[in-house]
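The values are calculated or read from the model by the stated rules, or taken from the named source; none is laboratory data. Every value quoted in this text rests on a predicted model; they were computed, and no experiment measured them. Here the Cβ positions follow ideal geometry from the backbone for every residue, glycine too, while neighbour counts run over all protein chains shown. Note: accessible area is taken over every heavy atom of the protein model, side chains too, but ligands, DNA and RNA are not part of it. Shrake-Rupley method; radii C 1.70, N 1.55, O 1.52, S 1.80 Å.
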Amino acid sequence: GYRDSGMVGWEANKHPEAFANVPLDDAAARLAALMERYRPQVVVTYDENGGYGHPDHIQAHRIAVAASESTGIPGKLYYTAVPRDGVKQLGEYLKGTGVDVQDFELPEDFGTPDELITSRIDVSAYVERKRKALVAHASQGENIFILRLPDEVQQVVLGGEAFVRHFSRVPTPEHEDDLFAGLRDA
């Protein structure tokens, strides 16, 4: 029910009903009510920077954290992550295959330091669904560099997900390949 804020610097950012401008307490209360109703065991949101600075993603992070903490309902809260070493390996691979990486240059500190990543999930069975979802994100389509990569590279990049566990209310292994680890038996 909120308006898309668009990318940083877009005129849409100024609209008072843009998601990034919604009062945190109001939106967190709406999400908390949904958590009360559906009782999620696990909540996944963006990191503090929204992954790459997108205003709506940053707001989603703030709201998800506030609602999770105020309700005490989810057993675990994760932030999505892009492994920094994976970004570097992708750049090296692309250079080695002759792909023009000039359009894909990222800051040296882009991504999450690997030592902070707690969870890695194999989602290779869902690559095509992920690709279609990215294509459907009209406000950002031209900005999604992954979609401009060769198909075989997209398979690798989209075939895994990484997360940083923000909190867990149940005993959890240091590194996990299942976001519900520790909850399935609880």
Inset, instruction - Note down the net charge around G51, summing +1 for each Lys or Arg and -1 for each Asp or Glu among other residues with Cβ under 14 Å from its Cβ. - result: -3
Inset, instruction - Pull out the extension gain between E174 and Y38, defined as 0.36 nm times the separation in residues minus the alpha carbon to alpha carbon distance; nm, one decimal. - result: 46.2 nm
Legend entry - For the chain, alpha-carbon Rg and Dmax in angstrom: 17.7, 52
Legend entry - Rounded Å value of the spacing that divides the Cα centres of the range 57-85 and the range 102-135: 17 Å
Inset, instruction - Once you have the Cα-Cα distance between E108 and A125, take 0.36 nm times their residue separation minus that, and quote the gain in nm to one decimal. - result: 3.1 nm
Legend entry - Theoretical ellipticity at 222 nm over the chain - DSSP helices of four or more residues, -39500 (n - 2.57) apiece, nearest 500: -11000 deg cm²/dmol
Inset, instruction - Could you work out the relative contact order of the chain, using alpha carbon pairs under 8 angstrom and six or more residues apart, expressed as a whole percent? - result: 22 percent
Legend entry - Protein accessible area in the range 31-72, 1.4 Å probe - carbon and sulfur %: 51 percent
Inset, instruction - Just add up the charged neighbours of G111: K/R +1, D/E -1, any other residue whose Cβ is under 9 Å from the Cβ of G111. - result: -1
Inset, instruction - Take every Cα pair under 8 Å in the range 42-132 that's 6+ residues apart, average their separations, divide by the length, and report that relative contact order as a whole percent. - result: 26 percent
Legend entry - Rough spin-label spacing in nm, given labels placed 7 Å along Cα→Cβ, for N49 and V99: 2.1 nm
Inset, instruction - Over the chain, give the accessible area per residue in Å² for a 1.4 Å probe, as an integer. - result: 60 Å²
Inset, instruction - Please identify which residues in the range 57-75 have an amide N closer than 16 Å to a label point set 7 Å out from the Cα of R30, following the Cα→Cβ vector. - result: 57-68
Inset, instruction - Could you calculate the contour length gain from H137 to R184, that is, 0.36 nm times the residue separation minus the distance between their Cα atoms, to one decimal place in nm? - result: 13.6 nm
